[in-house]
Amino acid sequence: MADNPNDALPPASKWAPVVAFAWLIPGGGHFLMKRPARGGLLLASVAAMFLLGLMMRGALFQWQTGDILTTVIYCGGFIANLFSGLFYLLARALGYNQPDVAGHVHDYGTKFLVAAGLLNILAMVDAFEIATGKKE
Amino acid sequence: MPKMTLSHFEASLLFALFTSIVLGIITKRTDRERIRYAVYCFGYFLVAIFGLSWLMYLGHG
């Protein structure tokens, strides 16, 4: 709850487009706010992580429920994958989704794909904080 | 799409590198602090990689 009026959230019109763009294109929020160096590094890191995941033939998660472990792993993995934005949408659309097979390389690939989405969540939070003036 | 086969060590090094870069960018306020924090995170990742690898090697007998 924002007791201090200075802590109140600015109108969504100020930060929502930045956050949406940051989701769609990793680092895009930073580009939109004229921070190209940071945006470029975020884009390069998330893109490299995602592409390495695909090249290692990692699997993209699908929403699946069942026992608690299955639900946490598959739904959590799906949400994390989704946060890779355009990379995820393109990989799905172009049929780069791999079946989940055994092997340490495939397993690393799956983790890299998930980690790319998680890193983009961090980038989105950073873009949100900059857009709302909490950070420079 | 070319297929890439990495060892455990290579994969964990790349993971550490990209994660450290992002952590450095988002957590600190000046460029100098960001670089220092990214290097610091990468160093700790390396320590964890080597430490856990040795632990598993010795624990395996």
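The values are calculated or read from the model by the stated rules, or taken from the named source; none is laboratory data. Bear in mind the structure is a predicted one, so any value in this text is a computation, not a measurement. Positions of Cβ are backbone-derived with ideal geometry, glycine not excepted, and every protein chain shown enters the neighbour counts. Accessible surface is based on the protein model in full, side chains and every heavy atom, while ligands, DNA and RNA are left aside. Shrake-Rupley method; radii C 1.70, N 1.55, O 1.52, S 1.80 Å.
Values for this structure:
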{"quantity": "Angle between chain B longest axis and helix B:31-60 axis [Cα atoms, degrees, rounded to 10]", "calculated": "10"}
{"quantity": "Size of electric dipole in chain B: Cβ of Lys, Arg +1 and of Asp, Glu -1, about Cα centre, debye, nearest 20", "calculated": "220"}
{"quantity": "Value of [θ]222 nm, deg cm²/dmol, for the protein assembly as shown, DSSP H segments ≥ 4, -39500 (n - 2.57) each, nearest 500", "calculated": "-23500 deg cm²/dmol"}
{"quantity": "Relative contact order computed over chain A (Cα-Cα under 8 Å; 6+ residues apart), in percent", "calculated": "34"}
{"quantity": "Where labels lie 7 Å past Cα in the beta-carbon direction, separation of residue B:10 and residue A:20 in nm", "calculated": "4.1"}
{"quantity": "Chain A: DSSP helices with Cα axial extent of at least 15 Å and average Kyte-Doolittle hydropathy no lower than 0.0", "calculated": "A:12-24, A:36-55, A:68-82, A:104-131"}
{"quantity": "Computed log₁₀ I(q)/I(0) - Debye formula, equal Cα scatterers, no solvent, segment A:1-118, q 0.13, 0.19 Å⁻¹", "calculated": "-0.60, -0.98"}
{"quantity": "Apportionment of accessible area to carbon and sulfur, the protein assembly as shown, percent (1.4 Å)", "calculated": "69"}
{"quantity": "Residue A:63 paired with residue B:53, simple spin-label distance in nm, labels 7 Å along Cα-to-beta-carbon", "calculated": "4.1"}
{"quantity": "Residue-averaged beta-carbon neighbours from other chains (10 angstrom radius) around B:12-23", "calculated": "5"}
{"quantity": "Exposed-site-free run, longest, chain B (rule: trypsin sites (Lys or Arg not before Pro); DSSP loop; at most 10 other C-beta within 10 Å)", "calculated": "B:30-61"}
{"quantity": "Simple spin-label estimate for residue A:75 and residue A:90 in nanometres, 7 Å along Cα-Cβ", "calculated": "3.1"}
{"quantity": "Non-local Lys pairs in the protein assembly as shown, i.e. 8 or more apart or on different chains, that have alpha carbons under 20 Å apart", "calculated": "9"}
{"quantity": "In segment A:28-86, the trypsin sites (Lys or Arg not before Pro) that fall in loop regions by DSSP, at most 16 other Cβ within 10 Å", "calculated": "A:34"}
